[in-house]
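Computed from the coordinates by the stated procedures, all read-outs in this text should not be read as laboratory data. None of these values were measured; they are calculated from a predicted model. Virtual Cβ from ideal backbone geometry, glycine too; neighbours counted across all protein chains shown.
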């Protein structure tokens, strides 16, 4: 029996005499040490494992040395910096198995395998519909946007409160609804504004005093070239509007609004109202259709219905002058 770490033992596999510390423990052996040294035991164990896997038709991947701060991607078979891997809290390393490009490819392949296509996956995840449902909706609309009826519909539109899918819209109409927040009152005010009927309130909550600050050198040139007005003219318009947008009467005006057909300057609007009107192509008919389109879905969703009491309160406040319900 080997007494201490200084004693030697011969490994029958490599034929070398090594210290007892180079052998593992085995109580079944007379000397209490393993038959083979650790290096030979490790090699034999690896060979045995590979042999068993080969009999099962599997191949064992060779061990790859990965330096500190790096990780091996088994798909592209490259060693990359850990920064090139995404995060995954479910993994011990906190990183994804594959590098970012390979991870995206694998996820795309899984979506196609499980859902037929990446688009089908996103439609089901976000809207609860399939590509077939989308195609049927678009076919019922004649292939065109449900609001403007001029260009093909490409975007699924849904109520952000209820999650209910309403129809298929073009990019402009979908963005236009977003800028007005699906608000029926704002859409009606925007439609009236484009028809030339600005509702001036009898009472407004004045915003904080504007700090004009320095005027950019190019502003005077921009206003003169595009709108044929001066900076002083715009400031007078803003003052006449009580420092508020003449559509929503809620936000400070930031952008000069003009008719894209005649070029005449109308008023100064806030960014959402100005952009929303632009997305609807300055066409009041399109805005009226958008109002009707959203009104139908609101009527089907009790949780966002505007009550008679709320409308009466708006009229009593004399904020919008007149408020009417869309039929």
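Once you place label points 7 Å from the Cα toward the Cβ at residue 171 and residue 150, how far apart are they in nm?
1.5
State, to one decimal in nm, how far the label point of residue 218 lies from the label point of residue 164, with both points 7 Å from Cα in the Cβ direction.
Taking the two extended label points, one gets 4.7 nm.
Run the simple label-point estimate for residue 260 and residue 107 please: 7 Å along Cα→C-beta, distance reported in nm.
3.6
Rounded, prolate or oblate: pick one for the stretch 186-242, where a ≥ b ≥ c are the square roots of the eigenvalues of its C-alpha gyration tensor, a/c under 1.5 means rounded, and failing that, prolate if a/b is larger than b/c, else oblate. If you can, show how the numbers build up before the last one.
Details: a/c = 2.85, a/b = 1.46, b/c = 1.96.
It comes out oblate by the Cα gyration axes.
Find the centroid of the Cα atoms in the stretch 178-224 and in the stretch 71-101, then give the distance between the two in whole Å.
Using only Cα atoms to place each centre, the spacing works out to 50 Å.
What is the helix-to-structure angle for 284-299, meaning the angle in degrees between its Cα long axis and the longest Cα principal axis of the chain, kept from 0 to 90 and rounded to the nearest 10?
Approximately 60 degrees, to the nearest 10.
Quick check: convex hull of the Cα atoms in the chain, volume per residue, rounded to a whole Å³?
Numbers: hull volume 101.6 nm³, N = 327.
For the chain, the hull spanned by Cα atoms encloses 311 Å³ per residue.
Please label the shape of the stretch 132-185 as rounded, prolate or oblate, based on the square roots a ≥ b ≥ c of the eigenvalues of the alpha-carbon gyration tensor (a/c under 1.5 means rounded; beyond that, a/b larger than b/c means prolate, else oblate). Show your work: numbers first, answer last.
Details: a/c = 2.44, a/b = 1.39, b/c = 1.76.
In terms of gyration-tensor shape, oblate.
Can you show me the helix-derived [θ] at 222 nm for the chain, built from DSSP H runs with n ≥ 4 at -39,500 (n - 2.57) apiece and divided by the number of residues, rounded to the nearest 500. Mind dumping the intermediate values first?
Numbers: 11 runs with 128 residues, N = 327.
Computed ellipticity for the chain at 222 nm equals -12000 deg cm²/dmol.
Tilt of helix 131-140 relative to the longest C-alpha principal axis of the chain, in degrees (0 to 90, nearest 10)?
Between helix and principal axis, roughly 20 degrees.
Rounded, prolate or oblate, given the Cα gyration tensor of the stretch 70-112, with a/c below 1.5 counting as rounded?
Values: a/c = 2.25, a/b = 1.29, b/c = 1.74.
Here the stretch 70-112 falls in the oblate category.
Relative contact order, percent, of the stretch 24-100 when contacts are C-alpha pairs under 8 Å separated by at least 6 residues? Provide the component values of the computation, followed by the final result.
Details: 60 pairs, mean separation 11.2, N = 77.
Dividing the mean separation by the residue count of the stretch 24-100 yields 15 percent.
Full-extension gain between residue 49 and residue 205, please, as 0.36 nm times their residue separation minus the C-alpha to C-alpha distance.
Working: separation 156, 0.36 × 156 = 56.16 nm, distance 7.96 nm.
Taking residue 49 through residue 205 to full extension adds about 48.2 nm, to one decimal.
Zone of residue 292 (label point 7 Å along Cα→Cβ, backbone N under 18 Å): which residues in the stretch 134-153?
140-151
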